[in-house]
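What follows is a short report on a single structure.
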Amino acid sequence: MIPAGFEYHRPTDTASAISILQEHGDDARVIAGGHSLIPMMKLRMADLAHVIDLQDIQEMKGIEIGADSVTLGAMVTQHELITHDGLAAAVPIIREAALQIADPQVRYMGTVGGNVANGDPGNDMPGLMQCLDASFELVGPDGTRTVAARDFYEAAYFTAREDEEILTRIMIPVPAAETGQAYEKQKRKIGDYATAAAAVMVGGGSASVAMTNLADTPVWSEEASAALAGGDVEGCVAAMLDAIDPVADNRGPVEFKKHVAAVMLRRAIARAMSRAG
Amino acid sequence: MNDQSMTPEERAANLKGMGCSRKRVEDVRFTQGKGNYVDDIKMDGMLFGDFVRSPYAHARVVSVNKEAALALPGVVAVLTAEDLAPLGLHWMPTLAGDKQMVLADGKVLFQGQEVAYVVAEDRYIAADAVDLVEVEYEELPVLTDPFEALKSDVVLREDLEGQTEGAHGPRKHHNHIFTWEVGDKDGTEAVLGGAEVVAEEMVYYHRTHPCPLETCGCVASMDKVTGKLTLYGTFQAPHAIRTVVSLISGLAEHNIRVISPDIGGGFGNKVGAYPGYVCSVVASIVTGKPVKWIEDRMENLMSTAFARDYWMHGKIAATKEGKITGLWCHTTADHGGFDACADPTKFPAGFMNICTGSYDIPTAYLAVDGVYTNKAPGGVAYRCSFRVTEAAYFIERMIEVLAIKLNMDAAELRRINFIRADQFPYQSALGWEYDSGDYHTAWDKALKAVGYEDLRKEQAQRVEDFKAGKTRKLLGIGLTHFTEIVGAGPVKNCDILGLGMFDSCEIRIHPTGSAIARLGTISQGQGHATTFAQIIASEIGLPADDITLEEGDTDTAPYGLGTYGSRSTPVAGAATAMAARKIRAKAQMIAAYLLEVHDDDVEWDVDRFAVKGAPERFKTMKEIAFAAYNQAIPGLEPGLEAVSYYDPPNMTYPFGAYICVMEIDVDTGEWEIRQFYALDDCGTRINPMIIEGQVHGGVTEALAIAMGQEIAYDEMGNVKTGTLMDFFIPTAWETPNYTTDHTVTPSPHHPIGAKGVGESPNVGGVPAFSNAVHDAFRPFGLVQSHMPHDHWRIWKIANGLGLHG
Ligand SMILES: Cc1cc2nc3c(=O)[nH]c(=O)nc-3n(C[C@H](O)[C@H](O)[C@H](O)COP(=O)(O)OP(=O)(O)OC[C@H]3O[C@@H](n4cnc5c(N)ncnc54)[C@H](O)[C@@H]3O)c2cc1C
């Protein structure tokens, strides 16, 4: 559990970070909170000659609450997501979901940017961001572009981000006031990734439904969302069960995961509906 | 002088002796981060060792190429079996009479097995060098199922080929280790044949791991000038390790000093001898420098001693009214690639023959077959006396299974079969003499405390509500009455590697009336420095706060067999009392001399000897201590010290009644412990607070084991649960509140009547949790389902019973 040797860089602005990435190509990786990357390095599953720490880059920090949109700097920690009252008022599901991530120690370090950029199907934020229809700002050598969360995930650990790009900000449309939101997660213990988790927004004739750790990417289902928007809960669940593709692992066999997925989704829907205006 | 103004009760209280919830003296350093663990030891020029381990569970090692590793700057040596062979150290004896490869000798038998040992100037270089050692393997067929292994043509232990006789008798197959039989086979079969009711079940206690907070490690330091080897390590039995090191290395035993510093939990994991110790010693001898080796978490879970993995096939016979008439058990024991169980020599399946439990079962038979598979070796007593958790789980499941068959309440079934208080000392059908107990009293107290009748009513209502679609949660009431067997043990039948399992204590009283005591045991969190001082305080009347306790240094402590199997209090605790009594006997003579009366004319009074009939004429222990060093007393040597080596006449038999009330979500398999009641009878209670702490810790480990913790393998022999993400350790969040309670039935043969408690909560806890899960589903037809009861397995029970509609 000792990582191979690496060189440590600590730039103070995004442009310098990108130029270090450009210089070292495949051998370099950015590090945010380190709570996904460092375990991989200790297991020697990630062998990196250069680690670029983003924590001194001020422009990647901070939470901005606008009338229509919330912007999260990539380096905002999960702990900050929980403690920010303005954010909790604008998009309450973020606090609810962040409280379900790992434990306080991990949340003090882990960042929202790292969580969504990582591409681990076990991470909770990607599904949540798809549910919220968030978009990610990516800055690279060729400039800045924006990718919708729903288009970002390609396969486990593969995303639309190019190697030399950095995810700098997350933009989230503020849900309509009458929207009810809920995040429901089953896990084996505190500090565990989801056996199954559901993010649900519903109200005012629209709905959005996404699930976590039930395929090699987060699963947002247009069909399931449409069914729920039309008030058809069972149709929503059925569509979602069609969309997920869980695999057997220590958390259980496929039939179990499908069953639990449906249970989590129904519970999240019920809770979100009870909160809808 | 305040001595006269205080009542005897006040004087006794000042001693903080037995019965006092004295705060743990160890915690001052532990809570300040000032403990001194093996990995805290730093020595000049210290090198670091690290292992190249096998990724395969069964493979031939075709070649090991060290070149690239040796070329890395800072790498000092790379050892393989070839390097150890000339010293005869490429294999080592196990505690179970088998032998085990230190480094892979031509093949590997489990994933994570040690293949090469890299020595480097720091641990980062060592880790890099491990990656550079090129090993060529040729994969062999893998056997992970002991039943398959006994049928397979695949020979795991080629080194034993043709050997039909093992350390414990005949071997029936090339993957068979031993058969151990106890009891009356024919008699039991006859009872089963003629019984009114027989219940039969396979009870599996899955493989798990003690997983102490601190992993295993050592620092070996050979001083080439003095010829003396100092070995610091995470040893639960430092003296035994010294003897083993001497026997296998050829170094004279007086030239070896073994030191166990602070130990961050053992739970059986740190009893055995591991390749890391041997390689570090060799590396230090070869390099002349201190060599440190510390396991990481994955190495600890994958390669150092596991626990359990017993397939227990049971049959239990009874009358229609529920009186048990016979018990039969055949166990298939998966020992992994080498038989490295830590059991007393004559007990290859430990004390599994305590499996008649708390019940008066007239006829019984037990057979255990040990089997080799492609899994890690071990088989240690994880927070229990040797195989006692397995035995307790087996009988407590069989009782439940029988209750189902009889359509009886399981609490009542237990009650009518308990050994009665007037039957002690009780001779069990499988050969033990239970020293003392009062099971009915404990049981009634427990049932009353939890409101058992009401719980059953609530459960019945819950079942109705469930059937009516009003709830998706079931209620389980898990009952357990366990009997432990601890304090190994009498030298006449208990030894490890030929070393009798006595233990020891040496006490020296200083002139000013304070003292130091040294024991052959070693605390790993049990609080010996606190409790053993309390025994001495009560025995000789000096305050516990004035008594230093030292363990773990073989150069200073008297020989003892160490701490595991709840043996410290029953054996070393007895030695402590006996040594203290020797001191008191001498003190009596000194007091009589000082008071100018005959020895028989003084009597003991809490902290002093007083003249009989004249309590105002006395000498306190403090005064006596000084006199021992400044008076020329005719016929008495100066000084005041004593040593006792205690060979216990019998084991002790702690017992308890545990009840768990659990809510189970049928749809997700999630569970919640609503109530957990633990009544322990450990005989005389030395420190109630420490007992309570031990119970909390032990029940929490039991919760882990029953509800999720396992070492699981896939069919290729890969460890699936090698990190703490998958290996379940409960956090404060999952851990329920416990209600502790007690009765006191002292051991009649122990000097202070104490029985030991550290392991009872694990022994009793596991069946209590498991029985709660089973009990929740009993109304729907569940009879038996294997642990661990994690979410998906509970879900599967519900699914199999058709509860998902
Ligand atoms: C015990 C434990 C339990 C956990 N449980 C959960 C859980 O239940 N749910 C959950 O969601 N997560 C869980 N996590 C993961 C945790 O939330 C991580 O912190 C998070 O996944 C990654 O965030 P980070 O800031 O630590 O990223 P890092 O570990 O620093 O980086 C992760 C990856 O993302 C890349 N990256 C990071 N930031 C950027 C960026 N701005 N632009 C481009 N690439 C970037 C890195 O190069 C790296 O490849 C757990 C972690 C631990 C250790």
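The values are calculated or read from the model by the stated rules, or taken from the named source; none is laboratory data. Remember, predicted model here, so these are calculated numbers, not experimental data. Quick reminder, even Gly has a Cβ in these numbers, built from the backbone with ideal geometry, and neighbours come from all protein chains shown. Surface accessibility is based on the protein's heavy atoms, side chains included, excluding ligands, DNA and RNA. Shrake-Rupley method; radii C 1.70, N 1.55, O 1.52, S 1.80 Å.
Using only the alpha carbon atoms of the stretch A:7-53, find the Kirkwood hydrodynamic radius as the inverse mean reciprocal pair distance, in angstroms to one decimal.
Numbers: mean 1/r = 0.0926 Å⁻¹.
For the stretch A:7-53, inverting the mean 1/r across all distinct Cα pairs yields 10.8 Å.
If you add up the charges near B:Gly336, with Lys and Arg at +1 and Asp and Glu at -1, over every other residue whose beta carbon is less than 13 angstrom from its beta carbon, what do you get?
Around B:Gly336, the charge tally is -1.
Could you give the length gained by full extension between B:His696 and B:Thr319, i.e. 0.36 nm per residue of separation minus their alpha carbon distance, to one decimal place?
131.9 nm
To the nearest 20 debye, what is the magnitude of the charge dipole of the protein assembly as shown about its Cα centre, counting +1 on the Cβ of each Lys and Arg and -1 on the Cβ of each Asp and Glu?
With Lys and Arg at +1 and Asp and Glu at -1, about 2360 debye.
For the stretch B:172-189, just list the computed ³J(HN,Hα) in residue order, Karplus coefficients 6.51, -1.76 and 1.60, θ = phi - 60°, integers in Hz, with x standing in for Gly and Pro.
Those phi angles translate into 8, 7, 5, 9, 9, 9, 7, 10, 10, 10, 9, x, 10, 5, 5, x, 5, 5 Hz.
Once you keep just the Cα pairs under 8 angstrom separated by 6 or more residues, what percentage relative contact order results for chain B?
It comes to 16 percent, rounded to a whole number.
I want to verify the translational diffusion coefficient of the stretch A:80-212 in µm²/s; compute it with Stokes-Einstein, Rh as the Kirkwood radius over Cα pairs, at 25 °C and 0.890 mPa s.
161
Reported to two decimal places, what Rg/Rh ratio describes the stretch B:660-727 when computed on Cα atoms with Rh from the Kirkwood expression?
Value, to two decimals: 1.11.
Would you mind telling me which residue in A:Met129, A:Met201, A:Met109 has the biggest mean-square fluctuation in a Gaussian network model of chain A, where springs connect alpha carbons within a distance under 10 angstrom?
A:Met109
I need the per residue convex hull volume for chain A, using only the alpha carbons, in cubic angstrom as a whole number.
118
Counting pairwise Cα distances across the stretch B:416-462, what percent come out greater than 11 angstrom?
Result: 72 percent of Cα pairs exceed 11 Å.
Within the accessible area of chain B, what % is carbon and sulfur when the probe is 1.4 Å and the other protein chains stay in place?
52
How large, in percent, is the carbon and sulfur part of the accessible surface of the stretch A:7-53 at a probe radius of 1.4 Å?
Carbon and sulfur: 49 percent of the exposed surface of the stretch A:7-53.
If you average the sequence gap of Cα pairs under 8 Å that are 6 or more apart and divide by the length of the stretch A:180-275, what percent do you get for the contact order?
Over the stretch A:180-275, the number comes to 32 percent.
Just to confirm the filter: which chymotrypsin sites (Phe, Trp or Tyr not before Pro) across the stretch B:687-748 are DSSP coil and have at most 12 other Cβ within 10 angstrom of their Cβ?
B:Trp733
Is there a quick way to get the dipole size of the stretch A:7-53? I mean about its Cα centre, with the Cβ of Lys and Arg at +1 and of Asp and Glu at -1; what is the value in debye to the nearest 20?
Roughly 240 debye, rounded to the nearest 20.
Run the helix sum for chain B: -39,500 (n - 2.57) per DSSP H stretch of 4+ residues, divided by residue count, reported at 222 nm to the nearest 500 deg cm²/dmol.
Numbers: 21 runs with 229 residues, N = 805.
About -8500 deg cm²/dmol.
For chain A, calculate the relative contact order in percent as a whole number, restricting contacts to Cα pairs under 8 Å that are 6 or more residues apart.
Computed value for chain A: 16 percent relative contact order.
Work out how far the C-alpha atoms of the stretch A:1-130 reach from end to end along every principal axis, then list the three figures in whole Å, largest first.
Largest first, the stretch A:1-130 extends 44, 31, 24 Å along its Cα principal axes.
Roughly how many Å² is the accessible area per residue of the protein assembly as shown, as a whole number, for a 1.4 Å probe? List each step's numbers first, then the result.
Values: 38710 Å² over 1082 residues.
Heavy-atom accessible area per residue stands at 36 Å².
What is the sum of charges around B:Ala68, taking Lys and Arg as +1, Asp and Glu as -1, for the other residues whose C-beta is under 11 Å from the C-beta of B:Ala68? Before the final figure, lay out the partial values.
On the way: positive: B:Lys66; negative: B:Glu67, B:Asp128, B:Asp131, B:Glu134.
Local net charge: -3.
Enter the mean projected area of the convex hull around the alpha-carbon atoms of the stretch A:180-275, in nm², rounded to one decimal.
Working: hull surface 22.2 nm².
Across all orientations, the stretch A:180-275 yields a mean hull projection of 5.5 nm².
Dividing the convex hull volume of the alpha carbon atoms of the stretch B:190-266 by its residue count, what do you get in Å³ per residue?
177
Give me a comma-separated list of calculated 3J(HN,Hα) values for the stretch B:35-46, in order, Karplus coefficients 6.51, -1.76, 1.60 applied at θ = phi - 60°, integers in Hz, x for any Gly or Pro.
Here the 3J(HN,Hα) series is x, 10, 9, 4, 6, 7, 6, 10, 10, 4, x, 5 Hz.
Averaging the inverse of every distinct alpha carbon separation and then flipping it gives the Kirkwood radius. What is it for the protein assembly as shown, in angstrom units? It would help to have the intermediate numbers written out before the result.
Numbers: mean 1/r = 0.0314 Å⁻¹.
Its Kirkwood hydrodynamic radius stands at 31.9 Å.
Going by a 1.4 Å probe on protein heavy atoms, which residues of the stretch A:234-277 end up with at least 30 Å² less accessible surface in the whole assembly than in their chain alone?
Listed in order, they are A:Asn250, A:Pro253, A:Phe256, A:His259, A:Arg267.
Between A:Lys42 and B:Ala468, what FRET efficiency comes out of the Förster formula 1/(1 + (r/R0)^6) with R0 = 41 Å and r the beta carbon distance, rounded to 0.05?
Values: r = 52 Å, r/R0 = 1.28.
Taking R0 as 41 Å, the efficiency between B:Ala468 and A:Lys42 is 0.20.
What's the center-to-center distance, using Cα atoms, between the stretch A:205-226 and the stretch B:526-540 in Å?
For the stretch A:205-226 versus the stretch B:526-540, the Cα centre distance is 63 Å.
Averaging the inverse of every distinct alpha carbon separation and then flipping it gives the Kirkwood radius. What is it for chain B, in angstrom units? Walk me through the numbers on the way to the answer.
Numbers: mean 1/r = 0.0359 Å⁻¹.
Hydrodynamic radius (Kirkwood, Cα pairs) of chain B is 27.8 Å.
Could you run the numbers on buried accessible area between A and B, total for both chains, 1.4 angstrom probe, in Å² to the nearest 100?
On the way: alone 12290 and 28600 Å², together 38710 Å².
Counting both chains, the buried surface is close to 2200 Å².
With Kirkwood's inverse mean 1/r over C-alpha pairs for Rh, give me the Rg to Rh ratio of the stretch B:427-551, two decimals please.
Taking Rg over the Kirkwood Rh, I get 1.22.
For the stretch B:700-803, what size does the Cα cloud have along each of its three principal axes, sorted from largest down, in whole Å?
53, 37, 28
Between the alpha-carbon centers of the stretch B:316-362 and the stretch B:142-184, tell me the distance in whole angstrom.
Cα centroid to Cα centroid, the span is 20 Å.
Only sites in a loop by DSSP and with at most 10 other Cβ atoms within 10 Å count here; which GluC sites (Glu not before Pro) in the stretch B:130-217 make the cut?
Those satisfying the criteria are B:Glu161.
Against the longest principal axis of chain A, how steep is helix A:14-24, in degrees 0 to 90 to the nearest 10, with axes from Cα atoms?
Here the helix axis deviates by roughly 70 degrees.
Starting from the Cα of B:Lys467, draw a straight line to each of the aspartates and glutamates and keep only those under 17 Å, dropping any in the same chain fewer than 8 residues away.
Once the sequence-local aspartates and glutamates are set aside, what remains near B:Lys467 is B:Glu458, B:Glu663, B:Asp665, B:Asp667, B:Asp775.
For the stretch A:90-195, run through the GluC sites (Glu not before Pro) and keep only the ones in DSSP coil with at most 14 other Cβ atoms within 10 Å of their Cβ.
Answer by residue number: A:Glu162, A:Glu178.
Please give the Cα centre distance for the stretch B:186-242 versus the stretch B:404-442, rounded to the nearest Å.
For the stretch B:186-242 versus the stretch B:404-442, the Cα centre distance is 28 Å.
To the nearest 10 degrees, how steep is helix A:254-275 against the longest Cα principal axis of chain A, on a 0 to 90 scale?
Approximately 70 degrees, to the nearest 10.
For B:Tyr205, what charge total do you get from the other residues with a beta carbon under 13 Å from its beta carbon, if Lys and Arg give +1 and Asp and Glu give -1?
Summing Lys/Arg as +1 and Asp/Glu as -1 gives -2.
Mind grabbing the accessible area of B:Ile354 for me, 1.4 Å probe, Å², rounded to tens?
0
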